[in-house]
Amino acid sequence: MDDRLILMGVIGRPHGVRGLVRVNAFTADPQALADYPLIDSAGRRFNLEWVGGGVARLTEITAAGDRAIADRAAAERLVNTELHTPRSALRPADDEEFYLADLVGLMARDADGVTIGRIAAVHDYGGGASLEIAPGGTLVPFTREAVPVVDVAGGHVTVIPPAEIAVVP
């Protein structure tokens, strides 16, 4: 079983005084976020119920029983809390499909097959994903031109960075 935690969303600002919060979901269908087991970085577990317009009601699942986030002060304490789910809770990727999180740890090779590093992270700041290759922290755009081969099963990607990016192994 794969127990890596995958970032699925982030709790935003409170909405009203009864504990509702805005949530930024990173799922293709934002409504689907409520279908996953959600865990924050401290290990707290949550249930999420959408009430509309990106606003949700959260319940913390504890050993003593479920505890609703019921007031604005409790909601304010959760602002910027990242919501993760175990990788094993996601459906298996189809053929020629993968999750960006599956790229982390793969070997990065140049066009000649020479290893230039390992993918340390995948970043996406809204303008498209980029791969961070370590050592060195080189960022390469995650496009078909710059990364023409992704072989998750084989444990590597082929990287052909744009001319202005120097990758030093």
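For the chain, set up a GNM with springs between Cα atoms under 10 Å and report which of A64, A89, A25 has the largest fluctuation.
The residue with the greatest mean-square fluctuation here is A64.
What number comes out for the charge environment of V157, summing +1 per Lys or Arg and -1 per Asp or Glu over other residues with Cβ under 12 Å away?
So the environment of V157 carries a net charge of 0.
On full extension of the chain, what length is gained from I160 through A111, given 0.36 nm per residue of separation minus the C-alpha to C-alpha distance?
Value of the extension gain: 17.0 nm.
Using only alpha carbon pairs under 8 Å that are at least six residues apart, calculate the relative contact order of the chain and give it in whole percent.
On the way: 333 pairs, mean separation 31.0, N = 169.
Across the chain, relative contact order equals 18 percent.
Using alpha-carbon positions, what is the distance between the centroids of the stretch 57-112 and the stretch 9-23, in Å?
17
Give me the compactness ratio for the chain, meaning the Cα radius of gyration over 2.2 N^0.38 Å.
Taking the Cα Rg and dividing by 2.2 N^0.38 Å, one obtains 1.24.
Values in this text are rule-based calculations from the coordinates and carry no lab data. This is a predicted model, so every value here is computed, not measured. As a convention, Cβ positions derive from the backbone with ideal geometry for all residues, glycine included, and neighbour counts pool all protein chains shown.
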